[in-house]
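Here is the structure we will look at.
The values are calculated or read from the model by the stated rules, or taken from the named source; none is laboratory data. Note that the coordinates shown come from a computational prediction; the quantities given were computed from them, not determined experimentally. Note: ideal-geometry Cβ built from the backbone for every residue, glycine included; neighbour counts use all protein chains shown.
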Amino acid sequence: MVSSVPGPLVERRPERRVVAPARRLVGVVEVPGDKSISHRALLCNAVARGVARVRNLGPGGDCQTTLRCVRALGVRVDQETDGSLVVHGVGLGGLREPEDVLDAENSGTTARLLAGLLAAHSFLSVLTGDASLRRRPMGRVATPLQRMGATVLGRAGGQLLPLAIRGGALRGIRYETPVASAQVKSALLLAGLHASGPTELREPAPSRDHTERLLRAQGAALDVAEGRVVVEGGHQLRAVDVDVPGDFSSAAFWLVAACLHPQARITVRGVGVNPGRTGLLEALEAMGGRVTVSNERVVGGEPVADVTAESSQLRGIEVGGALIPRLIDEVPILAVAAAVAAGPTLIRDAAELRAKESDRLHTVAAALRLLGAEVEELPDGLAIAGGARLRGATCHSAGDHRVAMAVAVAGLVADGPVTVEGAEAADVSYPSFWNDLDRLAER
Ligand code: S3P
């Protein structure tokens, strides 16, 4: 058995990367395993009965964090020589009291989904995270979990980490979340699996449904309709092997880079194209992007395809409403596309971006201005003038992986080199990003 491994005790060393403009962008790339699906493959199989193999788990810090937490809760997870992980499920309610604080580091998905599982266990656990995660809202999971019967205490009246959780016998509830959030939905579904009676969740717009797909494959009693899901508690899950597809949110950087660069063609192979994630494809199509999806297939209940993007003449668009949850993580890179596109782009209904790894409306607007774009920050979005010739500059990631990578892509199409301070942030989702960038960019 592999014992629990403590989290990193020191902050990572800051890194600076200089991205020079590319002469051409060409090639085929396989991006790392999907971060959202990886978390769920570990967490849902941890409380299933039986043994499951997880292949191509996301290599980034966030997924490693979930792995450490699951092990700290008494779940045996073996790493095979081919890199796959074998999860020995403990069954519903079978997690063990952790010896120490559980550290979700930078990962909101780890913290919120784990809170749902911990709420169903009658031991004490304390959940914390890094400086960024300790600023992010946790009341959105603490409040419904309290209503189900768990004791959840936290800073700022239960709004912020650290959270202290003593769970126990839960009762199903009907809950309407004010935000479309797959993390909130998934936390309640994981708690609801353990509750008496049905747990019903409604959200204002559909969010990604990876949890529903996996739980259904595991035999959970789920009833799903648009914007609403009900889980019946008390049914054991069976372990299910998961082949994690490439992460669409990582692929997004290359798709936009190829659309923006005048000499470009990039294929991302084997990437997840769950419709809850691919709003960027619709946005790019509306902007005139030349993006094609081919070789579509279904792997383990998730749609997978190869996606190719080529040099395009983009024009500005308006984005808002139900499309936002479907491209929520792609707004930083969409904003880079909009800065270069002809004509203005308006992004609305995206106030959620202020509660991500950084306040992304603010950090993205600040970076784009340094790069020479005209951007206005709105309370719930961005107004981007378009038509900018991006110039070399030094931008800071603000510790946010998606900002670091979006700025790097701007460097590939700018007039001069772009320096990314805090480039190490990319490691939480895409540690090989800089290698792939060097490989795809001809100089
Ligand atoms: C995620 C859901 C989204 C997303 C995050 C991953 C998930 O967050 O931004 O990167 O795996 O469930 P919210 O649920 O808070 O919108």
If Ile324 satisfies every condition in (1) in a strand (DSSP E or B); (2) buried (at least 19 other Cβ atoms within 10 Å of the Cβ) but one, which is the exception?
-> (1)
Flag if Thr199 is within 15 Å of the ligand (Cβ to nearest atom) and outside any loop (DSSP other than H, G, I, E, B) | no
Taking the stretch 165-183 as the search range and keeping residues that are within 21 Å of Ala350 (Cβ to Cβ) and not in a helix (DSSP H, G or I), which one is nearest to the ligand (Cβ to nearest atom)?
-> Ser181
Among the residues of the stretch 398-425, which ones are under 24 Å from the mean Cα position of the chain (by Cα) and under 11 Å from Arg17 (Cα atoms)?
-> Ala404, Met405, Val407, Ala408, Gly411, Val420, Glu421, Gly422, Ala423, Glu424
Matching option when the condition is of a type in the set (A, V, I, L, M, F, W, C) and touching a Cys at 6+ places or on another chain (Cβ under 9 Å), among Leu163, Leu190, Leu145 = Leu190
Could you tell me whether Ala251 is more than 16 Å from Leu334 (Cβ to Cβ) and of a type in the set (Gly, Ala, Ser)?
-> no
Taking the condition of a type outside the set (A, V, I, L, M, F, W, C), within 16 Å of the ligand (Cβ to nearest atom), within 25 Å of Gly91 (Cβ to Cβ) and buried (at least 19 other Cβ atoms within 10 Å of the Cβ), does Ser186 pass?
-> yes
Per-region count, the stretch 327-356, residues surrounded by fewer than 24 Cβ atoms within 10 Å (Cβ to Cβ) and touching a strand residue (DSSP E or B) at 6+ places or on another chain (Cβ under 6 Å) | 5
Looking at Pro162, Pro137, which one is outside any strand (DSSP E or B) and in contact (Cβ under 8 Å) with a residue 24 or more places away in the chain?
-> Pro137
All positions within the stretch 33-59 that are under 21 Å from Ser397 (Cβ atoms) and touching an Asp or Glu at 6+ places or on another chain (Cβ under 6 Å) = Lys35
Quick one: count up the residues across the stretch 402-443 that are out of contact with any helix residue (DSSP H, G or I) (no Cβ under 7 Å at 6 or more places or on another chain), at pLDDT 95 or above and not in a helix (DSSP H, G or I).
-> 8
Looking at the stretch 99-144, which of its residues are surrounded by fewer than 21 Cβ atoms within 10 Å (Cβ to Cβ), hydrophobic (A, V, I, L, M, F, W, C) and within 16 Å of the chain's Cα centre (by Cα)?
-> none
Out of all the residues in the stretch 291-305, which are at negative phi and touching a helix residue (DSSP H, G or I) at 6+ places or on another chain (Cβ under 8 Å)?
-> Val291, Val293, Glu302
Only one of Gly387, Gly399, Gly372 that is in a loop (DSSP other than H, G, I, E, B) and within 16 Å of the ligand (Cβ to nearest atom) | Gly399
Determine the pairs where a residue that is touching a residue at least 24 places away in the same chain (Cβ under 8 Å), located within the stretch 205-224, has a partner that is within 12 Å of the ligand (Cβ to nearest atom) and hydrophobic (A, V, I, L, M, F, W, C) with Cβ atoms under 6 Å apart, the partner being 6 or more residues away or on another chain.
-> Ala205/Ala180; Ser207/Ala180; Ser207/Ala182; Arg208/Ala182; His210/Ile37; Thr211/Leu189
Quick one: count up the residues across the stretch 234-258 that are aromatic (Phe, Trp, Tyr) and within 14 Å of the ligand (Cβ to nearest atom).
-> 1
Is it the case that some residue within the stretch 235-253 is of a type in the set (Ser, Thr, Tyr), touching a helix residue (DSSP H, G or I) at 6+ places or on another chain (Cβ under 8 Å) and crowded, with 24+ Cβ neighbours inside 10 Å?
-> yes
